[in-house]
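Some notes on the structure that comes next.
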Amino acid sequence: MTIRADLHIHSCLSPCGDLTMSPRAIAAAAVESGLDLLALTDHNTARNVPAFAAACRDRGIAAVFGCEATSSEEVHVLALFEEERNAIEFGDEIYASLPDARHDPVRFGDQVVVDEQETIVDTLQKHMIAASAWSLTELGRLIHERGGLFIPAHIDRGSFSVWSQLGFLPSDAYDAVERVGEGRIDSGDLPVIAASDAHEPARIGCRATEFEGARPGFAALRAALKERRVRTIARSE
Ligand SMILES: [Zn+2]
Ligand SMILES: [Zn+2]
């Protein structure tokens, strides 16, 4: 089957994510957009992954789990895992390394953890957009130690990308790179994915990655990336 995946989505736990981005709203919007596979990638934490996993199960949509980690060079990186616990453990390690500066929800937006019933159970206190203590290369190691996929995010964007922060793509063991635009990019022989980077429900699925596989899930995604069998699509708006 052709699997359509949106692998970069922020929930209400990301300060920039709209409060309407509850895990259940994300899963519902994904079904509406005809997606088969979803990833939750909040900034520097995976604390909404359990609620997200439950919401996807209820909607019958496949999911992988992760976060968008900020390297010490302020490069955004997608970390995607098959197991919820690996995503949560990785996210906790990143969060623990963030500076202690207290988050200002009025200025930057709320950072709320919800349970499966969408009840707010926690509010994260550190500012989630901050840079972690880990370099790009170290993030790659932490992700691969847990069997995850290491994907520099929005490499063609003018901020928080390898190009904006470093000016080049260092030679590391990436599993793919993510693009957000349509222009030419120099990704070497790496597979290229596209994703919505949605912060509000209407954006979910506006960009996506397609590949062939027997069943939507982490194994099919990993195989498609390894064999360079992915293509990017964008919805005309
Ligand atoms: Zn980003
Ligand atoms: Zn993002």
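Any read-out appearing in this document is the output of simple, stated calculations on the displayed coordinates, not a laboratory observation. None of these values were measured; they are calculated from a predicted model. Here the Cβ positions follow ideal geometry from the backbone for every residue, glycine too, while neighbour counts run over all protein chains shown.
Between residue 104 and residue 173, the C-beta separation translates, for a Förster distance of 35 Å, into a calculated FRET efficiency of about 0.40.
Against the compact-protein benchmark of 2.2 N^0.38 Å, the Cα-based radius of gyration of the chain scales to 0.92. Counting only DSSP beta bridges with both residues in the chain, what percent are antiparallel, rounded to the nearest 5? Bridges in the chain are about 65 percent antiparallel. Taken about its Cα centre, region 2-234 carries a charge dipole of about 460 debye when Lys and Arg each add +1 at the Cβ and Asp and Glu each add -1 at the Cβ. A cut-off of 5 Å between modelled amide H atoms, ignoring neighbours fewer than 5 places along the same chain, links residue 212 with 3.
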